[in-house]
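Accompanying notes for the structure given below.
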Amino acid sequence: MNYIDKGWEGYKALLPKDASDVQIKETRQAFFGGAAVLFEALMRTLDPCEEPTDADMKKMSDIQRELNEFGRKLDSRYLGTKRQN
């Protein structure tokens, strides 16, 4: 399963219909670049155990909070709406 590519396809549907091929290509690169940075950050910072530790779970919660906040700002800026989570 290509999880990131599947996410990209969903995100791509939000791009303007008249987006140029260059815009789509550059946006895809940024999307995958962000995914790569997040994955690398997780792999470097999670504790080396088979089971998640409390510290691992806090890192995941912190990432979720940060992404949710980013999404709320985008919603407010572009949609004029506010979302809870």
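The values are calculated or read from the model by the stated rules, or taken from the named source; none is laboratory data. Fair warning: this is a prediction, and the values are worked out from it, not measured in the lab. Note that each Cβ is placed from the backbone with ideal geometry, even for glycine, and that neighbours are counted across all protein chains shown. Accessible surface is based on the protein model in full, side chains and every heavy atom, while ligands, DNA and RNA are left aside. Shrake-Rupley method; radii C 1.70, N 1.55, O 1.52, S 1.80 Å.
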* To do: Could you give me the residue pairs with C-beta distances under 9 Å whose first residue belongs to segment 19-38 and is within 13 Å of GLY7 (Cα to Cα), whose second residue is among the acidic types (Asp, Glu) wherever it lies, and which are 6+ apart or on separate chains?
  => PHE32/ASP5
* Structure fact -> If we ask which residues in segment 10-60 are under 20 Å from TYR78 (Cβ atoms) and of a type outside the set (Gly, Ala, Ser), their number turns out to be 13
* Count of segment 5-44 residues which are more than 25 Å from MET60 (Cα to Cα), outside any loop (DSSP other than H, G, I, E, B), among the aliphatic types (A, V, I, L, M) and open to solvent by 70 Å² or more (accessible area, probe 1.4 Å) -> 1
* Asked: So which residues in segment 53-83 are outside any helix (DSSP H, G or I) and surrounded by 11 or more Cβ atoms within 10 Å (Cβ to Cβ), if there are any at all?
  -> THR53, ARG83
